[in-house]
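Beneath this line is the structure, given in structure tokens, with notes to follow.
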Amino acid sequence: MKPKHIKRLQSRARHLRARIVNRNVIVVESTTGSSANHVVTVEYDSEGTIRARCTCPWAINGGIACSHVIAALDALAARRGRALSFWTDYQAARRQKRRLFYLANQPEDRDGIWITSRAADSV
């Protein structure tokens with residue numbers, strides 16, 4: 001299930017602390033309480049699809065791109081000097097003329113989120 005307000009989630013994710021354990025595991029603070037954390041696992045494939053799973057209730061019930069996943073992916077991108085933007089629509093993402101990635105729960109998902117990547121200092 002895809003979020004309806006991806007830009008709102010992206011904004012919320014900017015306020016979450018993410019600790020990178022390794023390339024595939026990131027621990028992100030909970031949005032409901034700073035004493036709780038969620039574990040995000042990330043897998044990549046050669047076609048540019050990213051599969052990310054989180055331990056929060058939204059993700060456990062099939063949600064794609066919770067704020068924890070967005071915070072985790074942002075942290076990984078920042079480590080490489082990159083910034084990400086998230087889009088629910090392919091055409092909107094494509095108009096950015098940036099490198100595109102696709103975020104899905106499963107390889108066969110056709111209702112995922114598009115991600116664009118740019119240098120962190122570019123607007």
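Bear in mind that the values in this text are calculations on the coordinates, not laboratory data. Predicted model only: the values in this text are computed from it and were never measured. Don't worry about glycine lacking a Cβ; one is built from the backbone with ideal geometry, like all the others, and counts go over all protein chains shown.
Structural remarks
- All Cα pairs of the stretch 56-98, percent lying beyond 11 Å: 70 percent
- Leading residue at positive end of dipole, the chain (Cβ point charges), from V21, G62, G81: G81
- A Cβ-based charge dipole, computed about the Cα centre of the chain with Lys and Arg at +1 and Asp and Glu at -1, lands at about 500 debye.
- Computed [θ] at 222 nm, deg cm²/dmol, the chain (DSSP H ≥ 4; -39,500 (n - 2.57); rounded to nearest 500): -6500 deg cm²/dmol
- In sequence order, calculated HN-Hα J values of the stretch 5-14 (Karplus, 6.51, -1.76, 1.60; Hz; x Gly/Pro): 10, 5, 5, 5, 5, 4, 5, 4, 5, 5
- For the residues T32, T49, T41, a GNM of the chain with alpha-carbon springs under 10 Å puts the largest fluctuation on T32.
- Length-normalised contact order for the stretch 6-119 - Cα pairs under 8 Å, 6+ apart - percent: 24 percent
- The stretch 6-119 - Kirkwood radius from inverse mean 1/r over Cα pairs (Å): 14.0 Å
- In terms of overall dimensions, the C-alpha atoms belonging to the stretch 62-123 reach 33, 25, 17 Å along their principal axes, ordered largest to smallest.
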